[in-house]
Amino acid sequence: MTGVLRSDGARQPLITAPQGSPGIQLFPSKSMTTPTTSSVAPAVGLFGLNPLVSAPGILVFLAAFLLMYAGTYAELASTTWATEEQGHGPLIICAAAWLIWSQREKILAGPPKPSLFAGFTLLGLTLVAYVVGRSQSVIEMAAASQITMLMAGFLLLHGTGALRRAWFPLFFLVFMVPLPGALVQAITLPLKSAVSVVATEVLFWVGYPIARNGVTLTIGPYQLLVADACSGLNSLFTLEALGLLYMNIMNYQSKARNIILAIMIVPISFISNVTRVIILVLITYHLGDEAGQGFAHTFAGMVLFVVALTLTYGFDRLLAVRFDDQGGARGRRE
């Protein structure tokens with residue numbers, strides 16, 4: 001018999017737990033000491049934004065922005081964007097808007113810290129540029145001012161952190177700004193000449209009866225003038241914008257890989273445009289002038305972008321052989 005010896009010499013039996021019962025634990029288990037916690041979902045504001053962000057302020061700014069630039073968009077739609085050379089403007093705006101919307105949580109993360117001085121200073125300069133552009137019919141200045149207007153909005157509504165995180169969508173809008181006419185003329189003529197020379201040499205090398213006089217190609221009984229739209233300037237800017245958008249979506253970690261791919265888009269655009277001119281010349285030679293000026297002209301434009309995107313993706317796969325094993329593969333988006 002076991003027990004506790006009392007002061008009078010008698011033993012007091014211990015109280016034991018019945019067989020099969022858990023008994024008394026001197027050291028409780030972790031499950032007994034760990035408090036039960038319930039997971040609380042983070043608060044979400046309007047449109048999935050940080051609840052600290054002023055959603056009404058954003059809505060007021062966007063409404064004022066659209067009201068201010070509605071006239072500029074209408075003028076661009078009837079002039080610059082109606083041309084084949086610079087008709088990619090609306091696509092650039094839509095892509096930039098999608099980038100900002102898809103990255104809104106990252107861009108507006110953290111508590112707002114508005115930069116009032118920098119924001120109002122940039123806002124004032126933007127208003128001056130906008131007024132001058134609209135009053136003097138300098139559509140390039142009026143269109144470019146919307147980029148700095150958005151920058152001022154980020155500074156005033158959230159701070160420099162949001163502006164820094166939104167740098168790519170804002171930079172991407174540069175491709176929407178119409179090119180000055182003098183710059184277009186200065187670049188277009190050399191590009192047309194280069195495209196004409198390469199297309200003539202390729203067709204002559206494969207045996208076609210073709211000759212060139214400046215930017216006029218003569219093949220059989222037909223004469224074709226390489227127009228400004230065939231110079232490749234519009235496709236160069238459009239493809240460069242698409243290439244940068246592709247790299248942003250892929251989120252490659254290697255700066256060298258991104259730079260090389262961005263530079264290679266220039267010769268890829270030139271090769272694609274030469275391919276387009278060769279296709280138009282061959283269609284005209286084999287099917288007649290009406291076929292070359294009809295649906296085939298639009299079809300050749302589609303072929304240009306198919307060739308360009310195929311070459312861009314193929315070259316990116318070649319870069320992957322070198323850079324993916326050196327930490328240059330895609331990173332995880334936050």
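The values are calculated or read from the model by the stated rules, or taken from the named source; none is laboratory data. As the structure is a computational prediction, the values presented were derived from the model and not from experiment. Glycine gets a Cβ as well: all are built from the backbone with ideal geometry, and neighbour counts include every protein chain shown. Protein only, heavy atoms only, side chains kept; ligands, DNA and RNA dropped before computing areas. Shrake-Rupley method; radii C 1.70, N 1.55, O 1.52, S 1.80 Å.
Side notes on the structure shown:
- Test: residue in the stretch 223-242 that is open to solvent by less than 60 Å² (accessible area, probe 1.4 Å), closer than 25 Å to M264 by Cα and at pLDDT 90 or above: no
- Of all residues making up the stretch 143-176, the number that are assigned to a loop (DSSP other than H, G, I, E, B) and open to solvent by 30 Å² or more (accessible area, probe 1.4 Å): 0
- L189 being over 30 Å from C94 (Cα atoms), open to solvent by less than 60 Å² (accessible area, probe 1.4 Å) and not in a strand (DSSP E or B): no
- Among the residues listed as L203, L183, the single one being assigned to a helix (DSSP H, G or I) and open to solvent by 40 Å² or more (accessible area, probe 1.4 Å): L183
- Filter result (within 24 Å of V60 (Cα to Cα) and among the hydroxyl-bearing types (S, T, Y)) within the stretch 137-185: S145, T148, T160
- Conditions (1) of a type in the set (G, A, S); (2) at pLDDT below 85; (3) surrounded by 13 or more Cβ atoms within 10 Å (Cβ to Cβ); number of the one not met by G327: (3)
- Looking only at the stretch 93-127, and only at residues there that are basic (K, R) and open to solvent by 60 Å² or more (accessible area, probe 1.4 Å), the one that is nearest to the chain's Cα centre (by Cα): K106
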